[in-house]
Amino acid sequence: MNVILASPRGFCAGVNMAIDALEKAIVLFGTPLYVYHEIVHNRPIVERFQKLGVVFIDHISEVPNGGTVLFSAHGVSPEIREASVARNLRAIDATCPLVTKVHMEAVKYAKDGFTIVLVGHEGHDEVIGTMGEAPTAMVLVEDVNDVNALTLPIDTKLAYLTQTTLSVDETRVIIAALKSKYPHIIGPSKDDICYATQNRQEAVRELVPNADVVIVLGSQNSSNSNRLAEIAKQNGKSAYLIDRAAEMDDAWFKPSDTVLITAGASAPEEHVQDCVDRLRDRFAATVETRTIREEHVQFPLPRELRVLTNR
Ligand code: SF4
C-alpha cells in the first residue's frame, strides 16, 4: 500500500487562531467559559475543550450575566453581539478575519442600497452570522436551481457574496448563473472562498487521480471537509469522511491500494497521523507527502486577548 499525504491539509490560520484564543481565555479567565456555537466544526476538538470545562451554547441567554463568552471562528450576527452587551458579558471575538471581511462587504453593500445574494448553505453558522448583518437586504441561494427560482426584478441593484468554505467549482457555476440572469450584478474582485478552502480542494483535485481510496479527516458538519470528500467522489473514488482512525474499516482497502489522506481546515493533524500509523500497521504502507502549495498565513489573537497577553 502507498499512502499519499496531501499538503496543504488540516488546520488553517483561522482555526489555529480560534483554538489558541480559547486556550488563552481558559488560562486568563478560568472555567466555566462559554463558547457560542462550536469553536470550530470538529468533534474531537469540541470534546477536548468540554473536558476542560468549556460550555458550548446555542443561545446567548445560556451564559450567566457577567460571564465570559467567546464567539467561534464562524462569526456571529450583530444581534448576538448586542445581546452579549445587554447581558454584561465579557465577549471575546474569535471570528476568522476572512469571515469578518464578508460581513463587512455585506454591511457596505446594504448601506449602498444593494440587495445581496449570498451563496451558501442554509443553517450553517457562518451563513446565519453573515445574513444577520443585513437581514432585510439578503437572499440566500444554495445552488443553480435557487438562482433560477429568484424572482427579484431584473433592474434590482444587486451584489453577491459567498460563504468562505464552498466548493470552488460549484460556486463558479452558481456565480455564472447569477451573472447570466442578472448581468449587472456585482461582487467581490475574487469570490469569498478562503485561501485554505481553495488550497485543500486544489490539492485533492490534483492528487486524486493517483488514488484508489480517499480518507478525509473532518467532522460531518464541517463544510470544507465535506467538499473535499465530494471532489474525491466526483472523480469516481471511494471517499470516507471520518473524525478518527478508529472509524476506519480495513474492508475499505486492498493491500495494493494507493490511499490519499487529507484533512479539513478544522481537523487536528494527530488524527491524520493515527490513520497513517494504522495503515502502516495493517497494510505495511509506505508514506509520501505531496505538496501542491505552501501556506504561511497567520492571524493575530482577538483584540480582547492581545491587550492582556501582549500579542
Ligand atoms: S476555513 Fe477559511 S474562513 Fe474558515 S476559519 Fe479557516 S481560514 Fe477562516
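The values are calculated or read from the model by the stated rules, or taken from the named source; none is laboratory data. Keep in mind that what you see is a predicted model, and the values were worked out from it rather than measured. With ideal geometry, Cβ positions are generated from the backbone for all residues, glycine too; neighbour counts draw on all protein chains shown. These accessible areas exclude ligands, DNA and RNA; they are computed on the full protein's heavy atoms, side chains included. Shrake-Rupley method; radii C 1.70, N 1.55, O 1.52, S 1.80 Å.
Values computed for the structure shown
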| item | result |
| --- | --- |
| Answer residue from region 151-178, given it is touching a strand residue (DSSP E or B) at 6+ places or on another chain (Cβ under 7 Å) and over 26 Å from PRO97 (Cα atoms) and is surrounded by the most Cβ atoms within 10 Å (Cβ to Cβ) among those | LEU178 |
| Test: residue in region 4-13 that is within 12 Å of the ligand (Cβ to nearest atom) and in a helix (DSSP H, G or I) | yes |
| Test: residue in region 50-57 that is modelled with pLDDT of 95 or more, within 15 Å of ALA94 (Cβ to Cβ) and surrounded by 18 or more Cβ atoms within 10 Å (Cβ to Cβ) | yes |
| Some residue of region 152-160 being under 24 Å from the mean Cα position of the chain (by Cα) and at pLDDT 95 or above | yes |
| Of the criteria (1) under 30 Å from SER61 (Cβ atoms); (2) surrounded by fewer than 20 Cβ atoms within 10 Å (Cβ to Cβ), which one GLY113 fails | (1) |
| Failed criterion for VAL307 (all others in (1) over 22 Å from LEU207 (Cα atoms); (2) in contact (Cβ under 8 Å) with a residue 40 or more places away in the chain hold) | (2) |
| Residue list for region 58-94, restricted to those being open to solvent by 40 Å² or more (accessible area, probe 1.4 Å) and assigned to a helix (DSSP H, G or I) | SER61, GLU62, GLU79, ARG81, GLU82, VAL85, ALA86 |
| Condition met for LYS101 (more than 17 Å from the chain's Cα centre (by Cα) and open to solvent by 10 Å² or more (accessible area, probe 1.4 Å)) | no |
| Selection count where residues are open to solvent by less than 10 Å² (accessible area, probe 1.4 Å), in contact (Cβ under 8 Å) with a residue 60 or more places away in the chain and part of a helix (DSSP H, G or I), scope region 199-222 | 4 |
| Test for ALA196: is it in a helix (DSSP H, G or I), in contact with a Phe, Trp or Tyr (Cβ under 9 Å, 6 or more places away or on another chain) and surrounded by 20 or more Cβ atoms within 10 Å (Cβ to Cβ) | yes |
| Residue among VAL216, VAL204 that alone is hydrophobic (A, V, I, L, M, F, W, C) and closer than 25 Å to HIS37 by Cα | VAL216 |
| Hits in region 260-307 - residues which are farther than 22 Å from ARG48 by Cβ and of a type in the set (Gly, Ala, Ser) | ALA284, ALA285 |
